[in-house]
Amino acid sequence: MRYSQQGSSRATNLVLILFVCFILAAAVMLLPKGFSDDLSKIGQGSAVVVLTHDKNTVGGIETMDLLNRIRPDFEQSVEFLVVDVNTPKGRAFSRQQKVGTTVLVLFGPDGTRRGALDPSIGEQGVRSSLNTMLAP
């Protein structure tokens, strides 16, 4: 009887470890892919778009998908950055720019703010705004 209790305990521990690994893997997959949070890039000669992001919201996840769709068309001329509003850096940026969660803040090559977009305007709206920002 003692042997079966020990085997059951090991099985429970194994299931618990696998569950924790699964949760960690899922969390890593939800992280923004390929986006820097280096705000020092603003004003360094390239246009910059900063997304104020909360990975815990549906809007934040949808906006990351939108940026991933349009980024290949603009990555030669626009630096895409993401700041997590749940971090001190993200909160400070949002407060300084007077924007909330899930907002795209556009900066010109010289660092001047060109505007802020609500990404709910959709892919075509964001594309159009970026094209306007990039026009000479």
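For segment 120-128, check the following and say yes or no: at least one residue is in a helix (DSSP H, G or I) and of a type in the set (D, E, K, R). Yes. Is one or more of the residues making up segment 22-34 assigned to a helix (DSSP H, G or I), modelled with pLDDT under 80, under 30 Å from Asn131 (Cα atoms) and not small (Gly, Ala, Ser)? Within segment 22-34 (the criterion being assigned to a helix (DSSP H, G or I), modelled with pLDDT under 80, under 30 Å from Asn131 (Cα atoms) and not small (Gly, Ala, Ser)), the answer is yes, since at least one residue qualifies. Residues in segment 119-136 that are in contact (Cβ under 8 Å) with a residue 12 or more places away in the chain and not small (Gly, Ala, Ser): Pro119, Glu123, Val126, Arg127, Leu130, Met133, Leu134. Applying the set (1) outside any loop (DSSP other than H, G, I, E, B); (2) polar (S, T, N, Q); (3) touching an Asp or Glu at 6+ places or on another chain (Cβ under 9 Å) to Asn68 leaves exactly one unmet item: (3). Within the set Ala116, Ala92, the sole residue that is assigned to a strand (DSSP E or B) and either free of Cβ contacts under 8 Å to residues at least 12 places away in the same chain or of a type in the set (Gly, Ala, Ser) (or both) turns out to be Ala116.
Are any of the residues in segment 44-56 closer than 17 Å to Gly34 by Cβ, more than 18 Å from the chain's Cα centre (by Cα) and surrounded by fewer than 18 Cβ atoms within 10 Å (Cβ to Cβ)? Yes: one or more hits. The single residue among Phe107, Phe80 that is without any contact (Cβ under 8 Å) to a residue 60 or more places away in the chain, buried (at least 19 other Cβ atoms within 10 Å of the Cβ), in contact with a strand residue (DSSP E or B) (Cβ under 6 Å, 6 or more places away or on another chain) and closer than 16 Å to Val49 by Cβ turns out to be Phe80. Candidates are the residues of segment 95-104 that are assigned to a loop (DSSP other than H, G, I, E, B) and not polar (S, T, N, Q); the one that is surrounded by the fewest Cβ atoms within 10 Å (Cβ to Cβ) is Lys98. Filter segment 38-66 down to residues that are out of contact with any helix residue (DSSP H, G or I) (no Cβ under 8 Å at 6 or more places or on another chain), in contact (Cβ under 8 Å) with a residue 12 or more places away in the chain and within 18 Å of Leu117 (Cα to Cα), then give me how many there are. Going through segment 38-66 one residue at a time, the tally reaches 4.
The values are calculated or read from the model by the stated rules, or taken from the named source; none is laboratory data. For clarity, every value in this text was computed on a predicted model and none was experimentally measured. Because the Cβ atoms are built from the backbone with ideal geometry, glycine has one as well, and the counts that use them run over all protein chains shown.
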